[in-house]
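Encoded as structure tokens, the structure appears first; notes follow it.
The values are calculated or read from the model by the stated rules, or taken from the named source; none is laboratory data. A quick note: this is a predicted structure, and the numbers were derived from the prediction, not measured. Using ideal geometry, Cβ is built from the backbone for each residue, glycine included, and neighbour counts are taken over all protein chains shown. Just the protein is used for accessible areas: all its heavy atoms, side chains included, with ligands, DNA and RNA removed. Shrake-Rupley method; radii C 1.70, N 1.55, O 1.52, S 1.80 Å.
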Amino acid sequence: MDQSAAFTRLCVAVYSSNLLVIFLRVQLNVLGAYLFVENMHNERSKEFEETHTSFEVQKKYMEMVQYLFREGVELMVEDVKSAVATVMGTKSLKDKLTINDLIEMINQIRNITEKRSLNGRIHSDLSDFPRYLLPGDGFDDDARSFTRDELVLKTLADDTKDVTESDEFATLLRTCFDTSFSRIFDKFAEHIKSSNPSELNLRVIHLPLAKLVPVTSNMLTYVCGDQPNAFIQELLSMEKVQDFSANIYEAFIQQSDQPPV
């Protein structure tokens, strides 16, 4: 595997893992809030009512995450590949890098992919990232009349899309990306240090890019490996992820005095 492909795959793995964890949190809390509001409505009515969000709707709604693994990842690969080509186009496998060089190179890839502005402080645009999660067209409102299930599904999808396009969602993504790439840098640092354990100053150790490419490829197991996966577990346990999830649930409950449809 050449250096560009290795770094493209690693960055895509980091981005897609973060998006998967956060998007599933969004879905579960949006759906949970809908079901809670429906149950409360049914209890107040004191009559049995078939839930508006049927099991089939719930299933189709949760299956929306599959878009990330089909069209979403393909779009992301093209974007990251372009950024990697821009940053690494002139680099040779013989080039020797320190840990600082490696961090700077990956951050440059991030700057392009995340549309990061460095004016005084780092700020990511991230405006492209919601398109990796949900299709832009969605339902055609004027094409036909909807069945009840289709209308509920459309409402769920629209509300979820609004969340993924919010400033709060972008802020959480930035935090998670920063944390995840910091862990990647730690793994690189461990490998570079092990190549010359007698050298106390990590920052003066140089390794050819050719020796870093296999490390980059092997790191996919760390990011995407089977359970227990420390990389994913850290994302799930982050306080800001949990707070964001709770805020979604509470917000939808507070604004929904009636069932969604």
Inset, instruction - Restricting attention to helices (runs of 4 or more DSSP H) lying wholly within the stretch 143-261, give those where 2 or more residues are under 25 Å from GLU104 (Cβ atoms) and open to solvent by 20 Å² or more (accessible area, probe 1.4 Å). - result: 167-195, 209-224
Legend entry - Which listed residue is in contact (Cβ under 8 Å) with a residue 60 or more places away in the chain, out of contact with any His (no Cβ under 8 Å at 6 or more places or on another chain) and farther than 26 Å from SER16 by Cα, from LEU220, LEU202, LEU235, LEU209: LEU202
Inset, instruction - Report yes if VAL57 is farther than 21 Å from CYS176 by Cβ, crowded, with 21+ Cβ neighbours inside 10 Å and touching a residue at least 40 places away in the same chain (Cβ under 8 Å), otherwise no. - result: yes
Inset, instruction - Check MET40 against each of (1) aliphatic (A, V, I, L, M); (2) touching a helix residue (DSSP H, G or I) at 6+ places or on another chain (Cβ under 6 Å); (3) at pLDDT below 95 and name the one condition it does not meet. - result: (2)
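Return the residues of the stretch 78-94 that are open to solvent by 40 Å² or more (accessible area, probe 1.4 Å) and of a type in the set (A, V, I, L, M); say none if nothing qualifies.
ALA85, LEU93
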Inset, instruction - Evaluate the following for GLU71: is it at pLDDT 90 or above and more than 30 Å from ILE205 (Cβ to Cβ)? - result: yes
Inset, instruction - Considering each of GLU63, GLU50 in turn, give the residue that is over 16 Å from the mean Cα position of the chain (by Cα) and modelled with pLDDT of 90 or more. - result: GLU63
Legend entry - Residue satisfying condition, being small (Gly, Ala, Ser) and either more than 17 Å from ILE109 (Cα to Cα) or open to solvent by 50 Å² or more (accessible area, probe 1.4 Å) (or both), within set SER17, SER4: SER17
Inset, instruction - Within the stretch 1-30, track down each residue that is charged (D, E, K, R) and in a helix (DSSP H, G or I). - result: ARG9, ARG25
Legend entry - Only listed residue being open to solvent by less than 50 Å² (accessible area, probe 1.4 Å), of a type in the set (Phe, Trp, Tyr) and within 26 Å of TYR222 (Cα to Cα), chosen from PHE23, PHE69: PHE23
Legend entry - Which numbered condition ARG9 misses (of (1) farther than 30 Å from ASN196 by Cβ; (2) surrounded by 15 or more Cβ atoms within 10 Å (Cβ to Cβ); (3) basic (Lys, Arg)): (1)
Inset, instruction - Could you tell me whether the stretch 71-87 includes any residue that is free of Cβ contacts under 8 Å to residues at least 60 places away in the same chain and within 19 Å of ALA210 (Cβ to Cβ)? - result: yes
